[in-house]
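Engineer: Dropping the structure in here first, questions after.
The values are calculated or read from the model by the stated rules, or taken from the named source; none is laboratory data. What you are looking at is a predicted structure, and each value in this text was computed from that prediction instead of being measured. A quick note on method: Cβ atoms are made from the backbone with ideal geometry, for glycine too, and the neighbour counts reach across all protein chains shown. With ligands, DNA and RNA removed, areas are computed over all heavy atoms of the protein, side chains included. Shrake-Rupley method; radii C 1.70, N 1.55, O 1.52, S 1.80 Å.
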Amino acid sequence: MTVVENIRRLDSEGVPGREIARRLGVSRDSVTKYAEVTDFSPATPALAARPGSVVLVGLETVVHEWLTADERRPRKQRHTAQRVFDRLVAEHDYAGSYSPVQRLVKQFRAEHRARAEGFLELAWPPGQAQVDFGQGEAIIAGVRMVLHLLVVTFPFSNTRFVQAYRGETAECVCHGLRRIFEHVGFVPRVLVFDNATGVGRRTGQKVIESKLFGAFKAHYRLTARYCNPYSGNEKGNVENAVGFLRRNLMVPEPEVASLTALNEMLLRRCDDLAGRDHWRKGAPIGELFTEDAAA
C-alpha cells in the first residue's frame with residue numbers, strides 16, 4: 001500500500017503520470033490504475049467455517065448464550081476461550097479437546113463483530129455528518145468554565161461546526177444540532193455518532209435512543225448510526241475535528257459575556273475556516289460544502 005499511497009499523493013499534487021512512474025519505479029499503467037480508484041474501503045472478509053468437533057454437537061447453543069450474555073458485562077469480566085472450555089468440562093461433561101472450543105469462540109466473535117461494527121468507510125458521500133463531544137475551557141462573564149463541545153463534521157467537504165454546552169444531555173445534542181442545521185440551511189441525510197452519549201444508552205451492542213432524540217430524528221427525517229465505542233477510526237474525521245477546533249478556535253480561551261455569545265462566535269469562526277482548501281482534494285472547503293448541501 002505504500003507505493004499506492006505515494007502514487008495517489010503525487011497525483012493529488014498534480015505530478016504527471018510519467019513523472020510518478022519514473023520516481024517510484026513503476027509502470028505508467030499502474031499509475032493510471034491506482035490514481036483512478038475512487039474507493040479503497042476494504043471488502044467484508046468471507047468467514048471460512050471449519051468443521052466442528054462432533055463432541056461439541058449440542059453445546060454450540062450453550063456457548064453462544066454465554067458469549068451473548070457477555071455483552072452486558074464489563075469487558076474485563078467476559079469469557080475467554082479457556083474459561084468456556086473449563087465450564088463445558090465442569091458443567092456439561094465435555095470430553096473433547098480445547099481446540100474446537102477455541103475455534104467456536106473465535107468464529108462467534110468474528111461473526112458478531114461483522115454484524116455489530118461494520119467496516120470502516122473511507123469514501124464518505126456528500127450529505128452525511130459525524131457527531132462527537134469534546135471538552136474545552138472558556139471564560140464566561142469572568143468565570144472560567146470547562147465546557148462540553150458538540151462537534152459536527154461533514155467528512156466529504158471537511159466542513160466543521162461546534163457548539164458549547166455545560167453538559168452532554170439529549171437536550172444539548174438536539175439544541176446544538178438544530179442550531180447548526182438552521183445555520184447551514186439544510187439537514188444531513190445521515191448522522192454518525194461516536195457512541196450513544198447524550199442521545200440514549202448502549203446495552204451491549206444495541207443502542208436505545210431517548211424519546212427526545214427519536215422525536216428529533218422523526219422531525220428532520222434523518223437516520224442515525226452508531227460506531228463501535230472502542231474503534232475511533234470509524235469516526236476519524238470528527239475525532240480529528242474536536243482537537244482541530246479546540247486549538248484553532250479556543251486558544252487562548254475566549255472571553256465572552258454569555259454562553260449564547262460564545263456559540264454565535266464559534267459559528268462565525270467555523271464559517272471563516274470554510275475558506276481554506278481541502279487538505280487532500282485541493283478545492284476550497286466552501287465549494288465542496290455546496291455538494292453536501294445539494295445531497
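Engineer: Since Val256 meets every condition but one in (1) β-branched (Val, Ile, Thr); (2) in contact with a Gly (Cβ under 8 Å, 6 or more places away or on another chain); (3) under 18 Å from Gly142 (Cα atoms), which condition does it not meet?
Structural biologist: Among (1) β-branched (Val, Ile, Thr); (2) in contact with a Gly (Cβ under 8 Å, 6 or more places away or on another chain); (3) under 18 Å from Gly142 (Cα atoms), the lone unmet condition for Val256 is (2).
Engineer: State whether one or more residues within segment 155-174 are open to solvent by less than 10 Å² (accessible area, probe 1.4 Å) and in a loop (DSSP other than H, G, I, E, B).
Structural biologist: We begin by selecting, within segment 155-174, every residue open to solvent by less than 10 Å² (accessible area, probe 1.4 Å); these are 157, 159, 161-164, 173.
Subsequent filtering for residues that are in a loop (DSSP other than H, G, I, E, B) retains 157.
Yes, there is a match, as at least one residue in segment 155-174 is open to solvent by less than 10 Å² (accessible area, probe 1.4 Å) and in a loop (DSSP other than H, G, I, E, B).
Engineer: Got a sec? Which of Arg78, Arg73, Arg8, Arg50 is basic (Lys, Arg), at pLDDT below 80 and within 28 Å of the chain's Cα centre (by Cα)?
Structural biologist: On the way: Arg78 fails: at pLDDT below 80; Arg8 fails: at pLDDT below 80; Arg50 fails: within 28 Å of the chain's Cα centre (by Cα).
Result: Arg73 is the single residue among Arg78, Arg73, Arg8, Arg50 that is basic (Lys, Arg), at pLDDT below 80 and within 28 Å of the chain's Cα centre (by Cα).
Engineer: Between a residue in segment 259-280 that is assigned to a loop (DSSP other than H, G, I, E, B) and any residue that is of a type outside the set (S, T, N, Q), which pairs come within a Cβ distance under 7 Å, given they are 6 or more apart or on different chains?
Structural biologist: Ala274/Ile285; Ala274/Gly286; Ala274/Phe289; Gly275/Pro284; Gly275/Gly286; Arg276/Ile285; His278/Ile285; His278/Leu288
Engineer: Take the residues in segment 69-91 that are assigned to a helix (DSSP H, G or I) and open to solvent by 70 Å² or more (accessible area, probe 1.4 Å), then tell me which one is nearest to Val207 (Cα to Cα). It would help to see each step written out before you state the result.
Structural biologist: From segment 69-91, those assigned to a helix (DSSP H, G or I) are 69-72, 75-77, 81-91; that's our starting set.
Pick out the ones that are also open to solvent by 70 Å² or more (accessible area, probe 1.4 Å) and you get 72, 75-77, 82-83, 90-91.
Details: Arg72: 12, Arg75: 17, Lys76: 21, Gln77: 21, Gln82: 30, Arg83: 28, Ala90: 35, Glu91: 33 Å.
Only one residue fits best here, namely Arg72.
Engineer: Of these, Arg268, Arg201, which one is open to solvent by 40 Å² or more (accessible area, probe 1.4 Å), at pLDDT 85 or above and among the basic types (Lys, Arg)? Show your work before the answer.
Structural biologist: Working: Arg201 fails: at pLDDT 85 or above.
Just a single option satisfies the conditions, and that option is Arg268.
Engineer: Further question: What number of residues within segment 175-192 satisfy the criterion of being surrounded by fewer than 19 Cβ atoms within 10 Å (Cβ to Cβ) and in contact with a Cys (Cβ under 9 Å, 6 or more places away or on another chain)?
Structural biologist: Total meeting the criteria: 1.
Engineer: Are there any pairs, at least 6 apart or on different chains, whose C-beta atoms fall under 6 Å, with the first in segment 13-35 and more than 22 Å from His278 (Cα to Cα) and the second of a type in the set (Gly, Ala, Ser) and assigned to a helix (DSSP H, G or I), and if so, which?
Structural biologist: Close Cβ pairs satisfying both conditions: Arg28/Gly17; Arg28/Ala21; Val31/Gly17; Val31/Ala21.
Engineer: Just give me the residues in segment 126-157 being of a type in the set (D, E, K, R) and farther than 19 Å from His175 by Cβ, in sequence order.
Structural biologist: Answer for segment 126-157, where residues must be of a type in the set (D, E, K, R) and farther than 19 Å from His175 by Cβ: Glu137, Arg144.
Engineer: From the list Asn248, Asn228, Asn237, which residue is at pLDDT below 85, in a loop (DSSP other than H, G, I, E, B) and surrounded by 13 or more Cβ atoms within 10 Å (Cβ to Cβ)?
Structural biologist: Values: Asn248 fails: in a loop (DSSP other than H, G, I, E, B); Asn237 fails: in a loop (DSSP other than H, G, I, E, B).
Step by step, each of Asn248, Asn228, Asn237 is checked, and only Asn228 is at pLDDT below 85, in a loop (DSSP other than H, G, I, E, B) and surrounded by 13 or more Cβ atoms within 10 Å (Cβ to Cβ).
Engineer: Within segment 281-295, which residues are in a helix (DSSP H, G or I), over 23 Å from Gly14 (Cβ atoms) and aliphatic (A, V, I, L, M)?
Structural biologist: Ala293, Ala294
Engineer: Surrounded by fewer than 18 Cβ atoms within 10 Å (Cβ to Cβ) and at pLDDT 90 or above - does that describe any residue in segment 109-117?
Structural biologist: Step one: filter segment 109-117 for residues surrounded by fewer than 18 Cβ atoms within 10 Å (Cβ to Cβ), giving 109-117.
Filter again for at pLDDT 90 or above, leaving none.
For segment 109-117, residues surrounded by fewer than 18 Cβ atoms within 10 Å (Cβ to Cβ) and at pLDDT 90 or above: absent.
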